[in-house]
1. Hey, A33 hits all of (1) at pLDDT 90 or above; (2) assigned to a loop (DSSP other than H, G, I, E, B) but one; which does it fall short on?
2. Which of the residues spanning region 138-156 are surrounded by 18 or more Cβ atoms within 10 Å (Cβ to Cβ) and β-branched (V, I, T)?
3. Cβ-Cβ under 8 Å, sequence separation 6+ or interchain: first residue in region 117-131 and acidic (D, E), partner surrounded by fewer than 17 Cβ atoms within 10 Å (Cβ to Cβ). Which pairs?
4. Residues of region 97-116 being assigned to a helix (DSSP H, G or I), closer than 30 Å to R47 by Cβ, among the polar types (S, T, N, Q) and without any contact (Cβ under 8 Å) to a residue 40 or more places away in the chain, which ones?
5. Taking region 36-75 only, how many residues are over 17 Å from T20 (Cα atoms), touching a residue at least 60 places away in the same chain (Cβ under 8 Å) and in a loop (DSSP other than H, G, I, E, B)?
Amino acid sequence: MAQDNSPNKTITMNQRRRRTKFTEDQLKILIKAFHQNPYPGYATKQRLALEINTDESRIQIWFQNRRARHQCQKKSEPDEDLESSQDQDHSEEEIQSREDRRCRTSYTSSQLHTLIETFMNNPYPGIDTREQLAKEIGIPESRVQIWFQNQRSRFHVQRKRQPDDQDSEQRQDQEQDL
């Protein structure tokens with residue numbers, strides 16, 4: 001079976017999105033913004049997305065990756081700025097970042113029903129499935145992706161707790177038998 005490597009190839013189920021490749025000009029804009037604030041708010045990411053003509057979700061991922069790389073580089077260097085960073089007051093920055101946050105996404109019961117049904121069939125949907133689902137329920141694909149991440153996390157936490165719950169139920173049953 002021959003593989004089609006054309007740029008217009010559709011993504012099959014469970015495939016990752018192709019890596020976003022930024023031009024040199026786009027990277028200059030992103031790096032400048034990163035140096036000004038490595039934790040930009042939603043409005044800033046939206047503005048950058050418009051400025052460099054890409055999705056806000058791609059900007060968000062770029063900043064996450066850049067922060068991760070930046071922290072790795074800092075860990076390998078000696079802690080020179082520790083004292084000066086402890087002296088700074090960040091309360092104004094914290095308040096500003098809260099104001100810049102994206103509004104919490106509220107889902108209708110029908111949207112949740114569709115999301116849960118899809119999750120039960122496949123907790124790791126590919127980009128094509130997420131985009132189709134987003135279009136179907138009328139929310140951005142990036143929110144669908146986050147919903148699935150959160151749902152998988154909750155699912156794993158519940159699975160870890162279940163053996164404990166069963167043990168406590170068995171103990172209660174044994175106590176009642178006594």
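The values are calculated or read from the model by the stated rules, or taken from the named source; none is laboratory data. Quick caveat, the model's predicted, so the values are computed rather than measured. Heads up, the Cβs are rebuilt from the backbone with ideal geometry, glycines too, and the neighbour counts pull from every protein chain shown.
1. (2)
2. Matches in region 138-156: I139, V144.
3. D128/T10; D128/I11; D128/T12; D128/M13; D128/Q15
4. Residues of region 97-116 that are assigned to a helix (DSSP H, G or I), as a first pass: 97-100, 109-116.
Applying the additional criterion that residues be closer than 30 Å to R47 by Cβ yields 97-100, 111, 115.
Among the residues that remain, those that are also among the polar types (S, T, N, Q) are: 97, 111.
Selection gives Q111 alone.
5. Qualifying residue count for the region: 2.
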